[in-house]
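J.: One structure, as structure tokens, below. Some questions next.
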Amino acid sequence: MPDITAQTDSSAAPDTGATKPLLEIADLAVSFDNAVGARIQAVDGAYLSIYPRQTLAVVGESGCGKSVTAMSILQLNPSPPARYDRGSILFEGRDLLSLSEPEMRQIRGSDIAMIFQEPMTSLNPVYTIGDQIMEAILLHQEVSKSEARKIALDALKDVGIPEPERRIDQYPHQFSGGMRQRVMIAMALACQPKLLLADEPSTALDVTIQAQILELIDRLKVERDMAIMLITHDLGVVAENADVVCVMYAGRVVEYANVFELFEEPIHPYTRGLFNSIPKLGEMRDRLITISDVVNSPEEFQKLDAGIVPWWPGHEPPPDMAVSPGGDVHVLHEIKPNHWIGCWRTETLEGHRSRRPDLAFYKTEADVEMVTYDDGNGTQGGDGDS
């Protein structure tokens, strides 16, 4: 299992002045038309919250609903085939799902920005990178074209692109993968957003460039008082960069806690399966433990108190279910203070309603320095390498 340790002291957390979340997602459900048959439920009742200057990591395997959740914040899922079935997305108290397309255009790229997974497919190959950065600036700020160009140059300098005066007039194919990712970050941050959605921002980059990109994003978060929703598969990245972790599977949140709590005591069998499936140097095994080995074991779902059973699709529900046919069988239960897991909605849990996930938790600088993470390949975290 990954090892992450730190001496945490909540009283030493940074004072951001935040008393309520910047973003709150409650009971979000998103489905897609399948053309034939039933609709595909990509997200089915997701809950999460993000505070200013906080990094929330959303993890889980491909297809679990991470990117659809992020795209829903900006209403970027094409509709049709997408449909928002229920729920709310409150940004500074305003429900984004209730806004019209013109109202959303004022928010996209301004208050909320997004770094997409693959920069080569996100950047237009027939426009210079300067034109593409300036487009967002001219849309959201009342500046002249020359002023917009200066802001774009400053953005390129901020993300560490050398010779920005020359490179601003170049095309995406003239940049390396790491530099294209930096351009995407510059484009996302040009208008000083309050919330950055980073959808696997270091995918397909080598570990050195990956570390530089993640360090850059974290530095800009602190300098600009941003909040970050970080979507990733890499638990090493989570250990080093996240304050709070949201684990998703099949469109549901199955575990939610601060990064130290989650790594030290993962409770849901799926989370334990994620950690146990990581190979480690120096540990001899006949075969690699897979997630299926864990979640297909009935004993893994019998380690909690009576009446509390971790939810898992395909399993037979417990006999004491408290919902009528067609009702939601899943409940996000605060199993101990500030630690939630996805459970079957039994009669026990129906009588003990939990509050929504809401963690104003921040790692301190001392915590970051003391974090160690073994990724199974002899790499120790804590110095920016992941």
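J.: In the set 4, 50, which member is buried (at least 16 other Cβ atoms within 10 Å of the Cβ), more than 30 Å from residue 290 (Cβ to Cβ) and either more than 17 Å from the chain's Cα centre (by Cα) or at pLDDT 95 or above (or both)?
T.: 50
Here's the yes/no breakdown for (1) without any contact (Cβ under 8 Å) to a residue 40 or more places away in the chain; (2) over 23 Å from residue 363 (Cα atoms); (3) of a type in the set (S, T, N, Q); (4) in contact with a Cys (Cβ under 9 Å, 6 or more places away or on another chain):
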| site | (1), (2), (3), (4) |
| --- | --- |
| 186 | no, yes, no, no |
| 196 | no, no, no, no |
| 209 | yes, yes, no, no |
| 224 | yes, no, no, no |
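J.: What's the total number of residues in region 181-196 that are surrounded by fewer than 22 Cβ atoms within 10 Å (Cβ to Cβ) and at pLDDT below 90?
T.: The number of residues fulfilling the criteria is 2.
J.: Here is a further query. Among the residues of region 142-167, which ones are more than 12 Å from residue 189 (Cα to Cα) and assigned to a loop (DSSP other than H, G, I, E, B)?
T.: Those that are more than 12 Å from residue 189 (Cα to Cα) and assigned to a loop (DSSP other than H, G, I, E, B): 142, 143, 144, 160, 161, 162, 163.
J.: Does region 227-254 hold any residues that are more than 26 Å from residue 213 (Cα to Cα) and either touching a Gly at 6+ places or on another chain (Cβ under 7 Å) or in a helix (DSSP H, G or I) (or both), and which are they?
T.: Within region 227-254, 249, 251, 252, 253, 254 qualify.
J.: Could you tell me whether region 173-180 includes any residue that is buried (at least 24 other Cβ atoms within 10 Å of the Cβ), assigned to a helix (DSSP H, G or I) and modelled with pLDDT of 90 or more?
T.: no
J.: Output the number of residues of region 106-123 satisfying the condition of being closer than 16 Å to residue 134 by Cα and surrounded by fewer than 19 Cβ atoms within 10 Å (Cβ to Cβ).
T.: Counting residues in region 106-123 that are closer than 16 Å to residue 134 by Cα and surrounded by fewer than 19 Cβ atoms within 10 Å (Cβ to Cβ) gives 3.
Residue-by-condition table, conditions (1) of a type outside the set (D, E, K, R); (2) closer than 13 Å to residue 192 by Cα; (3) over 21 Å from the mean Cα position of the chain (by Cα):
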| site | (1), (2), (3) |
| --- | --- |
| 88 | yes, no, no |
| 95 | no, no, no |
| 111 | no, yes, no |
| 126 | yes, no, yes |
| 135 | no, no, yes |
| 150 | no, no, yes |
| 160 | yes, no, yes |
| 171 | yes, no, yes |
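J.: Ok, one more. Given the condition surrounded by fewer than 19 Cβ atoms within 10 Å (Cβ to Cβ) and out of contact with any strand residue (DSSP E or B) (no Cβ under 9 Å at 6 or more places or on another chain), answer yes or no: does some residue in region 257-275 qualify?
T.: Looking for residues that are surrounded by fewer than 19 Cβ atoms within 10 Å (Cβ to Cβ) and out of contact with any strand residue (DSSP E or B) (no Cβ under 9 Å at 6 or more places or on another chain), one finds at least one in region 257-275, hence yes.
J.: Sort out for me the helices (runs of 4 or more DSSP H) sitting completely within region 34-136 that have 3 or more residues that are touching a residue at least 24 places away in the same chain (Cβ under 8 Å) and of a type in the set (A, V, I, L, M, F, W, C).
T.: So the answer is 66-73.
J.: Looking at region 305-316, which of its residues are surrounded by 14 or more Cβ atoms within 10 Å (Cβ to Cβ) and within 29 Å of the chain's Cα centre (by Cα)?
T.: 308, 309, 310, 311, 312, 315
J.: Right, next: Can you run down the residue pairs with Cβ atoms below 6 Å, 6 or more apart or on separate chains, where the first is in region 146-168 and within 16 Å of residue 181 (Cβ to Cβ) and in contact (Cβ under 8 Å) with a residue 12 or more places away in the chain and the partner is not in a helix (DSSP H, G or I) and not charged (D, E, K, R)?
T.: 155/190; 167/161
J.: Criterion first (at pLDDT 85 or above and more than 24 Å from the chain's Cα centre (by Cα)) does residue 334 satisfy it?
T.: So residue 334 does not fit the description; no.
J.: Could you tell me how many of the residues in region 269-304 are within 30 Å of the chain's Cα centre (by Cα) and in a loop (DSSP other than H, G, I, E, B)?
T.: Of the residues in that region, 13 qualify.
J.: All but one of (1) touching a helix residue (DSSP H, G or I) at 6+ places or on another chain (Cβ under 6 Å); (2) within 16 Å of residue 66 (Cβ to Cβ); (3) surrounded by 24 or more Cβ atoms within 10 Å (Cβ to Cβ) hold for residue 199; state the number of the condition that does not hold.
T.: With (1) touching a helix residue (DSSP H, G or I) at 6+ places or on another chain (Cβ under 6 Å); (2) within 16 Å of residue 66 (Cβ to Cβ); (3) surrounded by 24 or more Cβ atoms within 10 Å (Cβ to Cβ) applied to residue 199, the lone miss is (3).
J.: Take the residues in region 202-256 that are among the basic types (Lys, Arg) and modelled with pLDDT under 95; name whichever of them is surrounded by the fewest Cβ atoms within 10 Å (Cβ to Cβ).
T.: Here the residue is 219.
The values are calculated or read from the model by the stated rules, or taken from the named source; none is laboratory data. Keep in mind that what you see is a predicted model, and the values were worked out from it rather than measured. So basically every Cβ, Gly included, is an ideal-geometry build from the backbone, and we count neighbours across all protein chains shown.
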